[in-house]
Amino acid sequence: MPNWTTVCAVEDIPVLGSRRVTRDKGAAVAIFRNTENQVFALLDRCPHKGGPLSQGIVFGTSVSCPLHNFVIGLDDGRAKEPDEGCTPKFALQVVDGKVQLDADELATLGTELALPVAGPCASKGAVGGGQVYDVQTPHTA
Ligand code: FES
């Protein structure tokens, strides 16, 4: 059973943009919002060569990686053909406009994977710019 924890409000995420939830271990979790106000959560790490998906271009239910343009499904983390690979997807729910993630997944999912090769996750303490903002400390509801 998920251990839901609130990380931000839907309104905190720019439409067609993202926010990042940093973790004590492993790459951050990128939370995306599309024009339909659907919200998705993926590991902020492209399955190709570790690009920062939080800095990609969101369209429909996909994001294109900023490094080599792999298109990744926001709903399943899978690269669209002809490309291959998959990045971990995080369980997410929206309750009263608040985005909630499973605290257990936040602590463990994808923590064994190498950090992204570029972007705010690549070096410890770096801060993203443009449409990317960090949620430094997830807070509980
Ligand atoms: S690292 Fe994402 S497409 Fe190459």
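Descriptive notes on the structure:
- Sorted largest first, extent of region 4-121 alpha carbons per principal axis (Å): 38, 31, 22
- For region 4-121, a crude dipole built from +1 on the beta carbon of Lys and Arg and -1 on the beta carbon of Asp and Glu, taken about the Cα centre, is about 300 debye to the nearest 20.
- Computed from backbone phi, the HN-Hα couplings of region 7-22 come to 10, 5, 9, 3, 5, 6, 9, x, 4, 6, x, 8, 10, 10, 9, 7 Hz, rounded to whole numbers (Karplus: 6.51 cos²θ - 1.76 cosθ + 1.60, θ = phi - 60°; Gly and Pro given as x).
- Reported to the nearest whole Å, the Cα centre-to-centre distance from region 38-100 to region 1-26 is 13.
- Karplus-based coupling profile of region 98-115, in residue order and whole Hz: 9, 8, 10, 10, 7, 4, 5, 5, 4, 7, 10, 5, x, 6, 7, 7, 5, 5, with θ = phi - 60° in 6.51 cos²θ - 1.76 cosθ + 1.60 and x standing for Gly or Pro.
- The 3J(HN,Hα) values that the Karplus relation (6.51, -1.76, 1.60; θ = phi - 60°) gives for region 72-82 are, in residue order, 10, x, 6, 7, 9, x, 8, 6, 7, 4, x Hz. Gly and Pro appear as x.
Readers should treat all values here as calculations from the given coordinates under stated rules, not as data from a laboratory. All figures in this text were calculated on a predicted structure; none of them were measured in a lab. Every residue, glycine among them, receives a Cβ derived from its backbone with ideal geometry; neighbour counts consider all protein chains shown.
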